[in-house]
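Here's the structure, in structure tokens; my notes come after.
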Amino acid sequence: MTSTEVGALPTPLHGPEFGSYAADEVSWLLKDLSGVDLEADVAERERRIQAGQAHYAESLPIEYQPDATYRSLFDEVLAASAERLALAVATVSELVVAERGEDIVLASLARAGTPVGILMRRWLRSRRPSLEIPHYAVSIVRDRGIDAVALDYLAEQHDPASVVFVDGWTGKGAITRELTEALDAYHAAGGARFDDDLAVLADPGYCVRTYGTRDDFLIASACLNSTVSGLVSRTVLNDTLIGPGDFHGAKFYRELAGADVSGRLLDVVSGAFDAVRDRVPAEVAAVRAGDRTPTWSGWASVEQVRERYGIASVNFVKPGVGETTRVLLRRVPWRVLVREADAPEHAHIRMLAAARGVPVEVVADLAYSCMGLIKDVQQ
């Protein structure tokens with residue numbers, strides 16, 4: 001049953017009432033759950049998820065707030081990587097326009113995709129100020145699919161063929177597969193046909209064809225949680241709170257406003273656009289000339305690590321800089337694997353690991369710069 005059969009579609013949320021991004025930067029296709037107590041102790045939450053007693057999207061972890069040393073490292077990382085980020089933003093944006101035209105709608109996967117979608121929109125406007133590209137944030141949940149009510153909304157407001165789904169990076173490709181399967185299921189159930197070609201800044205997992213780079217480099221927005229993502233929590237899908245006609249939910253952490261660097265990230269990266277503008281055509285040409293066919297090599301390397309370390313599920317292996325950071329920020333980590341002991345792209349990961357007492361192991365033949373392994377709390 002589509003939401004239109006249930007009743008009128010819900011209304012998108014906008015800042016400053018929901019989230020710290022400006023109202024014109026993103027429309028959140030989410031239900032505001034800010035007043036609901038959804039946070040659980042990380043260790044207890046992990047135990048319930050692994051025991052099959054709860055799905056990870058039914059609750060929220062207590063947001064880890066790093067100390068002043070780590071926050072200053074974020075500032076250093078952002079300054080050092082701004083041009084590289086700007087170039088990746090510009091490259092993926094131009095790739096999308098070259099193949100889909102300028103009449104597009106960006107639909108970022110909340111929440112890691114949201115700052116990327118905003119930056120892509122800013123880049124495209126920087127080259128043609130009159131260009132107005134709608135930008136939405138939608139929820140997708142591993143094993144549960146994409147928010148069908150959000151798809152109903154997009155299909156009602158826009159040509160589904162114009163919608164481009166956006167995310168920050170790929171790990172082993174679980175969300176890439178989830179997106180394809182969910183869009184196929186939505187269409188099979190009578191919904192519109194959406195294009196599943198996911199656009200990302202970085203594709204170290206080799207699982208999409210539209211990307212800014214395939215390097216496993218540090219995207220500064222991966223360093224923090226909500227304080228770099230508009231003060232919005234990860235998304236929630238809970239039967240007691242989300243009805244058939246509702247968008248998936250999320251919380252707005254107003255109380256963290258003093259630590260919010262979401263706007264700074266956007267401004268620093270978009271401030272580097274002019275510095276990289278002359279390099280963009282060659283980057284786009286190089287990507288288009290290369291073999292962009294997904295090989296899913298990242299998934300294969302994750303399987304190898306899972307077998308080597310006797311890990312029960314690939315869901316406990318999180319590859320790449322972004323995913324490893326997430327393990328340390330909101331899961332129960334077991335250990336961190338790094339390809340090089342002192343690589344600058346994971347300096348923040350080594351700092352987080354030391355703070356949490358997590359061992360870091362050098363594995364020279366690692367396919368990614370680093371991997372985070374989640375502790376099996378059932379053992």
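The values are calculated or read from the model by the stated rules, or taken from the named source; none is laboratory data. Because the structure is predicted, anything quoted here is derived from the model rather than measured. Virtual Cβ from ideal backbone geometry, glycine too; neighbours counted across all protein chains shown. Note: accessible area is taken over every heavy atom of the protein model, side chains too, but ligands, DNA and RNA are not part of it. Shrake-Rupley method; radii C 1.70, N 1.55, O 1.52, S 1.80 Å.
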Have a look at SER81, SER108, SER72 and point out the one that is touching a Leu at 6+ places or on another chain (Cβ under 9 Å), of a type in the set (S, T, N, Q) and either open to solvent by 20 Å² or more (accessible area, probe 1.4 Å) or at pLDDT 90 or above (or both).
SER81
GLN53 vs (1) more than 25 Å from LEU109 (Cβ to Cβ); (2) of a type outside the set (D, E, K, R); (3) in a helix (DSSP H, G or I): all pass except (3)
Identify the single condition in (1) out of contact with any Lys or Arg (no Cβ under 8 Å at 6 or more places or on another chain); (2) surrounded by fewer than 16 Cβ atoms within 10 Å (Cβ to Cβ); (3) farther than 15 Å from ALA222 by Cα; (4) not β-branched (Val, Ile, Thr) that GLU102 does not satisfy, given that it satisfies every other one.
(1)
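In segment 236-269, what count of residues is obtained for those that are in a loop (DSSP other than H, G, I, E, B) and either open to solvent by 70 Å² or more (accessible area, probe 1.4 Å) or of a type in the set (Asp, Glu) (or both)?
Residues in segment 236-269 being in a loop (DSSP other than H, G, I, E, B) and either open to solvent by 70 Å² or more (accessible area, probe 1.4 Å) or of a type in the set (Asp, Glu) (or both): 5 in total.
If you take the residues of segment 31-69 that are among the β-branched types (Val, Ile, Thr) and open to solvent by less than 70 Å² (accessible area, probe 1.4 Å), which of them is nearest to PRO344 (Cα to Cα)?
The qualifying residue nearest to PRO344 (Cα to Cα) is VAL42.
Check segment 37-59 and report whether any residue there is at pLDDT below 95 and over 30 Å from SER313 (Cβ atoms).
Scanning segment 37-59, I find no residue that is at pLDDT below 95 and over 30 Å from SER313 (Cβ atoms), so the answer is no.
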For segment 340-362, give me the residue count where each residue is acidic (Asp, Glu) and within 17 Å of ALA222 (Cβ to Cβ).
1
